[in-house]
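I have placed the structure first, in the form of structure tokens, so that the comments after it can refer back to it.
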Amino acid sequence: YTKAELAQYVDTKRGLKVAICGQVFDVSSGAEFYAKGPGYGFFAGRDASLAFATGNFKTNLTDNVSSLADAQLLDLQNWVDETYHEKYVYEGVVAGYFYDAKGRPTEDHLRFDERVRSAREAAARQALDVEKYPDCASRRTQAARSVSCKKGRVPVRRRTETGTERCACVLERDEGLGATYEN
């Protein structure tokens, strides 16, 4: 599809099509969501992947997702894989950020795929870390905040791959794996 061709599919008479990550889906079965009016009618007839990821439905109605963080790209790809391919009919691709006029992936698309792959690997490593070092239990009142762990574990601050910190329960013998957490 060209963007002009896709733009023709914005009502129930002609059919409703939405593109996400350059992939076009017939969403006519979801007309209550994608038809003009309340709901997500602004997605019909275009690829507005950036708005889909950011929730900004006024100024981010574009397919250029280069400004998104890796985790947002991963969420976006998961929507394509786990919702759109499962629920709607795939119809092809639209020329733009993700695909060229001949339907071939663009350099931007290849970078997107690499960032998604990297984000998936980081998420898997993070899940393993949480499995090995579970999150601390926390309790907060107006007067105080406390964290705790099950017997044999101590709360420590652990830095994640994204640079944020989380409270993790480590075995007492592994206490040097992070900064001691102070209540």
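Restricting attention to the stretch 95-104, report how many residues are open to solvent by less than 70 Å² (accessible area, probe 1.4 Å) and either over 18 Å from the mean Cα position of the chain (by Cα) or among the polar types (S, T, N, Q) (or both). Quick ask: steps written out before the conclusion?
Step one: of the stretch 95-104, the residues open to solvent by less than 70 Å² (accessible area, probe 1.4 Å) are 95-100, 103.
Narrowing further to those that are either over 18 Å from the mean Cα position of the chain (by Cα) or among the polar types (S, T, N, Q) (or both): 95-96, 99-100, 103.
Qualifying residue count, the stretch 95-104: 5.
Say we look at the stretch 2-17 and pick out the residues that are in contact (Cβ under 8 Å) with a residue 60 or more places away in the chain and either within 14 Å of residue 42 (Cβ to Cβ) or assigned to a loop (DSSP other than H, G, I, E, B) (or both); which of these is farthest from the chain's Cα centre (by Cα)?
Among those that are in contact (Cβ under 8 Å) with a residue 60 or more places away in the chain and either within 14 Å of residue 42 (Cβ to Cβ) or assigned to a loop (DSSP other than H, G, I, E, B) (or both), it is 2.
Please go through the stretch 113-145 and pick out each residue that is touching a Leu at 6+ places or on another chain (Cβ under 6 Å) and open to solvent by less than 50 Å² (accessible area, probe 1.4 Å).
116, 119
Residue 32 - would you say it is at pLDDT 95 or above and open to solvent by 30 Å² or more (accessible area, probe 1.4 Å)?
Numbers: at pLDDT 95 or above: no; open to solvent by 30 Å² or more (accessible area, probe 1.4 Å): yes.
The answer is no for residue 32.
Within the stretch 6-21, track down each residue that is surrounded by fewer than 22 Cβ atoms within 10 Å (Cβ to Cβ) and under 26 Å from residue 73 (Cα atoms). It would help to see each step written out before you state the result.
From the stretch 6-21, those surrounded by fewer than 22 Cβ atoms within 10 Å (Cβ to Cβ) are 7-8, 10-15; that's our starting set.
Within the stretch 6-21, 7, 10 qualify.
Quick check on residue 55: is it over 16 Å from residue 108 (Cβ atoms) and over 20 Å from the mean Cα position of the chain (by Cα)?
Details: over 16 Å from residue 108 (Cβ atoms): yes; over 20 Å from the mean Cα position of the chain (by Cα): no.
Answer is no for this residue.
Do the conditions hold for residue 24, that is, is it over 15 Å from residue 95 (Cβ atoms), surrounded by 14 or more Cβ atoms within 10 Å (Cβ to Cβ) and among the β-branched types (Val, Ile, Thr)? Walk me through how you get there before you give the answer.
Values: over 15 Å from residue 95 (Cβ atoms): no; surrounded by 14 or more Cβ atoms within 10 Å (Cβ to Cβ): yes; among the β-branched types (Val, Ile, Thr): yes.
For residue 24, the condition - over 15 Å from residue 95 (Cβ atoms), surrounded by 14 or more Cβ atoms within 10 Å (Cβ to Cβ) and among the β-branched types (Val, Ile, Thr) - is not met.
Please work out which residue is farthest from the chain's Cα centre (by Cα), limiting yourself to the stretch 146-162 and to residues that are free of Cβ contacts under 8 Å to residues at least 40 places away in the same chain and open to solvent by 70 Å² or more (accessible area, probe 1.4 Å). Talk me through it step by step, then tell me what you get.
From the stretch 146-162, those free of Cβ contacts under 8 Å to residues at least 40 places away in the same chain are 146-161; that's our starting set.
Among the residues that remain, those that are also open to solvent by 70 Å² or more (accessible area, probe 1.4 Å) are: 150-151, 157, 159, 161.
Values: 150: 32, 151: 36, 157: 26, 159: 22, 161: 17 Å.
Filtering first and then ranking leaves 151.
Looking at the stretch 124-148 only, could you name the residues that are of a type in the set (A, V, I, L, M, F, W, C) and within 30 Å of residue 70 (Cβ to Cβ)? Walk me through how you get there before you give the answer.
Here is the first cut: in the stretch 124-148, the ones of a type in the set (A, V, I, L, M, F, W, C) are 124, 127-128, 130, 136-137, 143-144, 147.
Result: 124, 127, 128, 130, 136, 137, 147.
Looking only at the stretch 163-174, which residues are surrounded by 12 or more Cβ atoms within 10 Å (Cβ to Cβ) and under 30 Å from the mean Cα position of the chain (by Cα)?
The first filter runs over the stretch 163-174 and keeps only residues surrounded by 12 or more Cβ atoms within 10 Å (Cβ to Cβ), leaving 165-171, 174.
Passing the criteria: 165, 166, 167, 168, 169, 170.
Among the residues of the stretch 95-118, write down those that are among the hydrophobic types (A, V, I, L, M, F, W, C) and touching a residue at least 12 places away in the same chain (Cβ under 8 Å).
95, 98, 101, 112, 116 - these are the residues of the stretch 95-118 that are among the hydrophobic types (A, V, I, L, M, F, W, C) and touching a residue at least 12 places away in the same chain (Cβ under 8 Å).
From the residues in the stretch 35-70 that are open to solvent by 60 Å² or more (accessible area, probe 1.4 Å) and under 20 Å from residue 8 (Cβ atoms), which one is modelled with the highest pLDDT?
Restricting to residues being open to solvent by 60 Å² or more (accessible area, probe 1.4 Å) and under 20 Å from residue 8 (Cβ atoms), the top hit is 46.
What are the residues in the stretch 73-94 that are open to solvent by 60 Å² or more (accessible area, probe 1.4 Å) and more than 12 Å from residue 21 (Cβ to Cβ), if any?
82, 86, 87, 89, 91
The values are calculated or read from the model by the stated rules, or taken from the named source; none is laboratory data. Values in this document were obtained by computation on a predicted structure and should not be read as measured data. Every residue, glycine as well, gets a Cβ built from its backbone with ideal geometry; the counts of neighbours run over all protein chains shown. We work out accessible area using only protein heavy atoms, side chains counted, and drop any ligands, DNA or RNA first. Shrake-Rupley method; radii C 1.70, N 1.55, O 1.52, S 1.80 Å.
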